[in-house]
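Student: Got a structure here, written out as structure tokens. Questions coming.
Just so you know, all these numbers are worked out from the coordinates, no wet-lab data involved. Remember, it's a predicted structure, so these values are computed and weren't measured experimentally. Cβ coordinates were reconstructed from backbone atoms using ideal geometry, including for glycine residues, and neighbour counts include every protein chain displayed.
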């Protein structure tokens, strides 16, 4: 209404708006609910979730990012927490559940302050100061290690898998992960870089998780193109070609008027001759294995088989690139270019049967900077979850090789940060001090969640763990398997510093973003103009959110 009493419509019909405290409460409640969903899955005693999508496909997982990706979240504030888990997963690979729990806890604590009349902007400033201080403290008490120390790397990879379905095989899988990561790590100056795209993870149900193995080379999920070709070649000289062994169809329609049968024969002979020339080129440079990104004509297959060449067709481009890297080959874009210099080398190329499928294994490569982990397991679900666990383990190993600093797990660093931040808040004045104190309390939600999932009494456990940290026991945390407060460093529960830093930064940023919102305007669904279907732009507006 204007002062003259005239109604003014600003929002489209069907829109709704929630303002001030109501909007904040609504957003905080949604974010807290998301945190509640994942809270029970944190730690070695955490539970798994079964997610069934609209098509009936089932995913069973303990991975925070996967859970939130699979749930179709509608509420916009809840979507922000899903983004936190995605960002953490992409950046450091682990700690996705912790990041969401911490963001939820920060909002819950902020709500208590808002109810007491503290302005959200003051809370945001207090949180940001506390987060910066928390990262400073983390870097102070983290331990520097050598990036090539395999013993430490195995402890880190094992810790990331202890909370997963594969925990019983964590030691064997951790050794595979570390062997793969150190194999592809490249030194630049004094630091190392790990490109995880050089580690291919192939999944195949069957056998058990113990049958998972590292192949110092490459696995192509393709079979040899022709039954007459050899199935095993030692001292393989590999040609990698990004062109078709087929007669290309012309781009325009062409007609051939054939008046007598000899012309037809001549025409077919010419096609065969062209294909034979292509094969002869491969034979001439001494190649005995051919990897082709495109198709192989039946006649070309026949001539390749006759020449004793093992050929694989329709190989993915990413596999071609990694294979070239591993074997030292150069990818040729046409046959005229092919020369002896383009050939790669591998000690063995062999087709093997894995369950019902035949795959080509390329082992003993010239420059094994590309390797494959072949994951096995009793069912497709187990193999999928093992793949997700290996992703986390590979990422944390990469984090430590690239930033060689570690902290203990089991909620120890969170409790140590909380203890130090509470002391530091004495230096602050005004209402920011309250926000910083609440930040410290929020950090303690992670050890509390671990204790609850391990069946411990959260209050007694927190009293004990606080006492240990007050006495200077900075690595005391919750050993969930034994359900005790213990020195987690001695228990070899080790996590990368990079993961902890990412958790604090992303959780704080998301919580502060949600706290600054005081008005939610949801536009109504737009109605398309009446007319023929597809005529209007109906249904393009933003939907309502519950």
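Student: Normalised by the number of residues in the chain, what is the relative contact order in percent for Cα pairs under 8 Å and 6+ residues apart?
Tutor: 25
Student: A further question on this structure: Between segment 434-512 and segment 284-335, how far is it from one alpha carbon centroid to the other, in angstrom?
Tutor: That distance is 54 Å.
Student: Sticking with this one: Assuming R0 = 30 Å, what is the FRET efficiency of residue 257 and residue 337, from their Cβ-Cβ distance, to the nearest 0.05?
Tutor: Computed FRET efficiency for residue 257 and residue 337: 0.25.
Student: Please compute the length gained on full extension between residue 483 and residue 266, using 0.36 nm multiplied by the number of residues separating them and subtracting their Cα-Cα distance.
Tutor: Extra length available between residue 483 and residue 266 comes to 69.9 nm.
Student: Separate question: When a footprinting reagent is the concern and you count Cβ atoms within 10 Å, what order do 141, 361 take, fewest first?
Tutor: Arranged by neighbour count, lowest to highest, 141, 361 become 141, 361.
Student: Please find the FRET efficiency linking residue 54 to residue 523, where r is the Cβ-Cβ separation and R0 is fixed at 25 Å, and quote it to the nearest 0.05.
Tutor: Efficiency for this residue pair is about 0.50.
Student: Sorted by packing (mean other beta-carbon atoms within 10 Å per residue), highest first, where do 17-23, 449-455 land?
Tutor: Descending packing order for the listed peptides: 449-455, 17-23.
Student: Related question: Set the Förster distance to 30 Å, then compute FRET efficiency between residue 429 and residue 91 from the Cβ-Cβ distance, nearest 0.05.
Tutor: According to the calculation, E is roughly 0.30.
Student: In Å, what Rg and Dmax follow from the Cα atoms of the chain?
Tutor: Radius of gyration, then largest Cα-Cα span, for the chain: 30.0, 102 Å.
Student: Can you compute the modelled spin-label distance between residue 471 and residue 190, with each label point 7 Å from Cα toward Cβ, in nm?
Tutor: For the pair residue 471/residue 190, the computed spacing is 3.8 nm.
Student: Let me ask another. So what's the Cα pair-distance distribution over segment 217-367, bin width 5 Å, in %?
Tutor: Calculated over all Cα pairs of segment 217-367, the distribution is 2, 10, 19, 22, 19, 11, 7, 5, 4, 2, 1, 0 percent.
Student: I would also like to ask the following. If you stretched the chain out fully between residue 21 and residue 146, how much longer would it get, using 0.36 nm times the residue separation minus the C-alpha to C-alpha distance?
Tutor: 39.9 nm
Student: Here's a follow-up. Report the dimensions of segment 255-341 along its three principal axes from the alpha-carbon atoms, largest first, rounded to Å.
Tutor: Over segment 255-341, Cα extents along the principal axes are 53, 25, 21 Å.
Student: With just the Cα atoms defining each centre, how far is segment 35-59 from segment 183-245? Give it in Å.
Tutor: 32
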